[in-house]
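Asker: Structure incoming, see below.
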Amino acid sequence: MLTLHIDLGKQWRGGQSQALLLIKGLRARGHEAELLSLRGSPLARRAEAEGIRVHTVEKPFARPRTAMTLARLIADRRPEIVHTHEAHALTAAWLARASRRTGLIASRRLAYHLKQNYVSLARYRSAARILAVSKFVAESLAASGIAGGRVEVVHDGVEVLPAVSPEERLGARRRWDMGSEERLLGCVGYLLPEKGQEILVRAWPEVLKRSGPCRLLLAGEGKSRPQLEALARERGVADTILFAGFVEDVVEVYAALDGFLFPSLAEPLGSSMLAALACGLPTVALARGAVPEVITDGETGLLVDRPDPSAFAAAVVRLLNEPGLAARLGAGARRTIEQNFSADHMVDATLRVYSHVCEERRSSERAAL
């Protein structure tokens, strides 16, 4: 099977990571998979480094030109499936009328409702299937008027890497200048209001009062960084919070951590949380969005039921002060990723959707004869 994947994002975020994992997984299973992406984008560079055939466009928002490029690609390469991984890619596929010549799949990674206008709805209705990354996202599509039979939940997946060795952990902690007695908690993600990092900064003074020496690492950039840094200074905890900015090799962050914090207010799923769980990190998360689809409170993590700094601080303190609980949660976290949220699970589930769509197209073609 030849599949063509489209992602026109400029940045490297969860969606781009999932697109690359999927393409690699398809190729590992003997399928052909190619990518149409923005020239010079992080995804294009990483895909090329993996030996993947990459087609590029110059400007993501030059929609007619991108659609023409896509139409030519479909005519030339004749993929059985075209899979769009973000909204601009779906717009290009819709303008290119891709659904008339191939099986069109659209991934949906956002939980807000679709705009109720012709273009927004027509794009998604042109797809044979919409892959929602969680039940939470699927429910938002249903509320937007997308028929449930067109939507399938395929959770994101992450690679389950070997356990970090003591030497690797020591090296990772040295990067952040961590003392041997200090514990390091962290959060990975863009610094945005909806990601909830403000909750962590407001909770941090209480955590420091009730636990031993520890520091907080916030890995990521975003428009909220100046406000968060100012809040840390105002709360008197600036010297215990590390604003790491964008980290190219994020595995080094997870290797250095003693626990992971995930305060996102309405997360569609959370690739960084899945990666932390795969590393066996005990995790405290806000029970919002799709988080409860992944974490079972007290078994694979601790869930906080409201976006309240005091409540979040109490859960973090419990994690730090009960090492037996932390160890049990970490083991449960890794196990649930292996069983339900691995990259292999994601690839296999996506392949099943591809097969169904291809069979539907063949049946339709036979009926038309």
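The values are calculated or read from the model by the stated rules, or taken from the named source; none is laboratory data. For clarity, every value in this text was computed on a predicted model and none was experimentally measured. We place every Cβ from the backbone using ideal geometry, glycine too, and count neighbours over all the protein chains shown. Accessible surface is based on the protein model in full, side chains and every heavy atom, while ligands, DNA and RNA are left aside. Shrake-Rupley method; radii C 1.70, N 1.55, O 1.52, S 1.80 Å.
Asker: Looking at R183, R169, R175, which is the one that is in contact with a Leu (Cβ under 7 Å, 6 or more places away or on another chain), of a type in the set (D, E, K, R), touching a residue at least 60 places away in the same chain (Cβ under 8 Å) and within 27 Å of G270 (Cα to Cα)? It would help to see each step written out before you state the result.
Answerer: On the way: R169 fails: in contact with a Leu (Cβ under 7 Å, 6 or more places away or on another chain); R175 fails: in contact with a Leu (Cβ under 7 Å, 6 or more places away or on another chain).
Step by step, each of R183, R169, R175 is checked, and only R183 is in contact with a Leu (Cβ under 7 Å, 6 or more places away or on another chain), of a type in the set (D, E, K, R), touching a residue at least 60 places away in the same chain (Cβ under 8 Å) and within 27 Å of G270 (Cα to Cα).
Asker: Scan the range 25-44 and report the pairs whose first residue is in contact (Cβ under 8 Å) with a residue 24 or more places away in the chain and whose second residue is open to solvent by less than 20 Å² (accessible area, probe 1.4 Å) and acidic (D, E), with Cβ atoms within less than 9 Å and a gap of 6+ or a chain change.
Answerer: Every condition considered, the pairs that remain are L35/D7; L36/D7; S37/D7; L38/D7; S41/D7; L43/D7.
Every residue, every condition in (1) buried (at least 20 other Cβ atoms within 10 Å of the Cβ); (2) not in a loop (DSSP other than H, G, I, E, B), yes or no:
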site: R233; (1), (2): no, yes
site: A255; (1), (2): yes, yes
site: L265; (1), (2): no, no
site: L277; (1), (2): yes, yes
site: V284; (1), (2): yes, yes
site: P292; (1), (2): no, yes
site: E299; (1), (2): no, no
site: V316; (1), (2): yes, yes
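Residues are listed down the side, and each one gets a yes or a no for (1) over 24 Å from H155 (Cα atoms); (2) in contact with a Gly (Cβ under 9 Å, 6 or more places away or on another chain); (3) at pLDDT 95 or above:
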position: A67; (1), (2), (3): yes, no, no
position: R78; (1), (2), (3): yes, no, yes
position: V82; (1), (2), (3): no, yes, yes
position: H85; (1), (2), (3): no, yes, yes
position: H88; (1), (2), (3): no, yes, no
position: R101; (1), (2), (3): yes, no, no
position: S107; (1), (2), (3): no, yes, yes
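Asker: So which residues in the range 62-92 are of a type in the set (D, E) and open to solvent by less than 60 Å² (accessible area, probe 1.4 Å), if there are any at all?
Answerer: Pass one, the range 62-92, residues of a type in the set (D, E): 76, 80, 86.
Of everything in the range 62-92, just one residue is of a type in the set (D, E) and open to solvent by less than 60 Å² (accessible area, probe 1.4 Å), namely E86.
Asker: Go through (1) free of Cβ contacts under 8 Å to residues at least 60 places away in the same chain; (2) assigned to a helix (DSSP H, G or I) and name the single condition F136 misses.
Answerer: (1)
Asker: Next question, about the same structure. Can you confirm whether the range 139-156 contains a residue that is open to solvent by 20 Å² or more (accessible area, probe 1.4 Å), among the β-branched types (V, I, T) and closer than 25 Å to D308 by Cβ? Give the steps one after another, and end with the answer.
Answerer: The initial filter retains those residues of the range 139-156 that are open to solvent by 20 Å² or more (accessible area, probe 1.4 Å), namely 139, 142-143, 145, 147-153, 155.
Next cut, among the β-branched types (V, I, T) only: 151, 153.
Among the residues that remain, those that are also closer than 25 Å to D308 by Cβ are: none.
Scanning the range 139-156, I find no residue that is open to solvent by 20 Å² or more (accessible area, probe 1.4 Å), among the β-branched types (V, I, T) and closer than 25 Å to D308 by Cβ, so the answer is no.
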